[in-house]
Amino acid sequence: MRTTPAYPILLFALAGLLAACGDDPAAPEEPPPIVKPAVWTELHGLPPATTLYALWVPRDDYVIGVGPGGTVMRWDGQEWATIANDGTRNLYAIAGVTGGETVAVGDGGEIVRFETTQFVKTTGATTENLRGLWTPGGSAFTAVGSGGVILRGDGNAWSLDTSPVVTPLFGVWGSGVNDVFAVGLNGVIIHFDGTAWTPMASGSNALLAAVAGSASDDVYAVGEAGTVLHYDGAAWSPMVSGTQETLQGVTAGNRTVAVGANGTVISLAGGSWNTEPAITGEWLYGAAQSGASTWVVGARAILHDGGAGWAPETRGAVPQLSGITGPPHTPLRVVGGGGYVARQLGDAWHWEDAGNARTFNAIWCEPGGDVFAVGSNRIVHHDGIAWVEEYNSPVELLDVAGGPSGVYAVGTGGAILRRNFGVWTSVRPTTPVFNDLRAYTSLAGDEAYIVGSDGRLLAFNGAAWVVSDSRITTQLNDVTGSVPGSSVRAAAVGETSRGGQGTIIGLSPVKGRGWEAMPSPTPKSLLALARGPQGRLYAVGQSGVVIAYDGTAWSVVPSPTLKTLRGAWSDGKRLFVTGGEQTSGTVVLRYATP
């Protein structure tokens, strides 16, 4: 007879004992996993829509910048705002006197001065391009430019000064009216001693783009290939800048800083130049300071360091934002007024050139990574390399999205466009529709819906678009599919109804019931929808309202902003929303678990 070894018997007995202990009702149960609540995070650093070449900073709450096409913007301590200018040429330099004249100069000898509420053109003394401007205060200004031109004036009347060079001059600065320096092409430096301008030996052949100093014996000239020259009151000598990038601007005083190509910022400390951490990759053109604050402007970049480090200061310089889309195959992107497009790479935002300045209303990314944006009379497409205009529309387009049945754009006057092999063609519903169509969504298979003004609802039956009954007359702004297990298959949101609540309707999963009104927890108009974290639907809208649907009911989600939110997008784990106004500041928010 075969016997069983003793050790397996002991193991079986021990296992039985442990199992019995596990059945003990008094044994403690494991606690459920802790689910961290989602939190809001604002994504800062959107690039301004405007390029600025130079700025004047009399104080920290009064900064004026100038740029292409006669652009003039002013910072009041809270936001940037455009100042009217009856000149239209590029402005490259600005200088002013607190309580006195403020003057800017630019292409074609254009000179504009500030009068009450706007800049107006004055009669100049040249048609040469003016690149540099300086004032010691009072009513004395010196401007320099192409052809070695030098102008002196009081802001209103100007006259030519005798120049010892015909080389283009790009920058001018002085410690006083009898000690002025101008710099330019091929290492040219000239000096005014109160009587005449004379050349100085620079020891360099580099293009010198800017000059500034803190005293007559502490002057800096900067230029191409990282060139920095220092004047000690007797002679110019080169300094090691630590960069090969072209330097476009310099400021000196409480702090000495030079800026230039590809976001380069270098500062002087202990007699040595140090490269500061980059927070933009854009070209930087001008730098100025007031007290402990330093300001820098450039190609869609405005930076400020008040002593705590560099940070973008773009409130009021970013247009109203209306749409957002993102990964997995593309960076997060936002669109808005004036053809604005910005993408996020890492923690930094970068402006993208999408053609002309017509407003964008919506943006969408297909699973393969191609991105489409629509707006005022156009559709543009980003194929991973560049933005290209694909369609010039006679109407304003309000949304773009896609699914199994194709990529669609919808807009005013009942416009429906479908993309086939890169070509957009108009689609006509079985019944003519003239309402503004504001949003499109695709569900499983060929099932898709379009919503719009006056409660208009269209459904795709696999062959054609047909008018469907929404059972409401309130404008619908967005529509999207729900998640499995929800009490609705899709939802649409819209303006505040006559009953005083933000409109919400849901598509019943029960065949034949169609779309039905859903109780809304907010009186605010709802503008955008997205399927977000925890499998919920999220709607956002007026005054920063955010509500969520858990499959049974809608409830308010505490929001960190009172700014109107117009766009929403989610990757399933994180919710991104965007909105705000240019005047009060735009916003991009992320809602996710830490």
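The values are calculated or read from the model by the stated rules, or taken from the named source; none is laboratory data. All values derive from a computational prediction rather than experimental measurement. Positions of Cβ are backbone-derived with ideal geometry, glycine not excepted, and every protein chain shown enters the neighbour counts.
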Give me the pairs, please: first residue somewhere in region 310-328 and over 12 Å from residue 46 (Cβ atoms), second residue anywhere and assigned to a loop (DSSP other than H, G, I, E, B) and of a type in the set (Asp, Glu), beta-carbon distance under 8 Å, and either six or more positions apart or on two chains.
-> 310/276; 326/571; 327/571; 328/571
Reported set for region 209-247 where residues are in contact with a helix residue (DSSP H, G or I) (Cβ under 7 Å, 6 or more places away or on another chain) and surrounded by 18 or more Cβ atoms within 10 Å (Cβ to Cβ) is 241, 243, 245, 246, 247
Look at residue 463 and say whether it is surrounded by fewer than 22 Cβ atoms within 10 Å (Cβ to Cβ) and at pLDDT below 95.
-> yes
Taking interchain pairs and intrachain pairs at least six residues apart, which have beta carbon atoms under 6 angstrom, with the first residue in region 260-288 and within 21 Å of residue 218 (Cβ to Cβ) and the second among the aromatic types (Phe, Trp, Tyr) and part of a strand (DSSP E or B)?
-> 266/273; 288/295
Residues in region 35-60 that are of a type in the set (D, E, K, R) and either modelled with pLDDT of 95 or more or outside any loop (DSSP other than H, G, I, E, B) (or both): how many?
-> 2
Checked against (1) of a type in the set (A, V, I, L, M, F, W, C); (2) over 26 Å from residue 171 (Cα atoms); (3) touching a Leu at 6+ places or on another chain (Cβ under 6 Å), residue 335 satisfies every condition except (3)
Restricted to region 466-480 and to residues being in contact with an Asp or Glu (Cβ under 6 Å, 6 or more places away or on another chain) and of a type in the set (Val, Ile, Thr), the residue surrounded by the most Cβ atoms within 10 Å (Cβ to Cβ) is 474
Is there a residue in region 138-151 that is within 24 Å of residue 304 (Cβ to Cβ) and touching a residue at least 12 places away in the same chain (Cβ under 8 Å)?
-> no
What number of residues within region 481-505 satisfy the criterion of being closer than 14 Å to residue 550 by Cβ and buried (at least 23 other Cβ atoms within 10 Å of the Cβ)?
-> 2
Of the numbered conditions (1) surrounded by fewer than 24 Cβ atoms within 10 Å (Cβ to Cβ); (2) modelled with pLDDT of 95 or more; (3) of a type in the set (A, V, I, L, M, F, W, C), residue 592 fails exactly one; give the number of that condition.
-> (2)
How many of the residues making up region 265-277 are more than 22 Å from residue 173 (Cα to Cα) and touching a strand residue (DSSP E or B) at 6+ places or on another chain (Cβ under 7 Å)?
-> 3
Which condition number does residue 102 fail, the rest of (1) modelled with pLDDT under 95; (2) hydroxyl-bearing (Ser, Thr, Tyr); (3) surrounded by 20 or more Cβ atoms within 10 Å (Cβ to Cβ) being met?
-> (1)
Taking region 344-364 and keeping residues part of a strand (DSSP E or B) and at pLDDT below 95 leaves 344, 345, 348, 349, 350, 351
Is it true that residue 416 is farther than 24 Å from residue 542 by Cβ and modelled with pLDDT of 95 or more?
-> yes
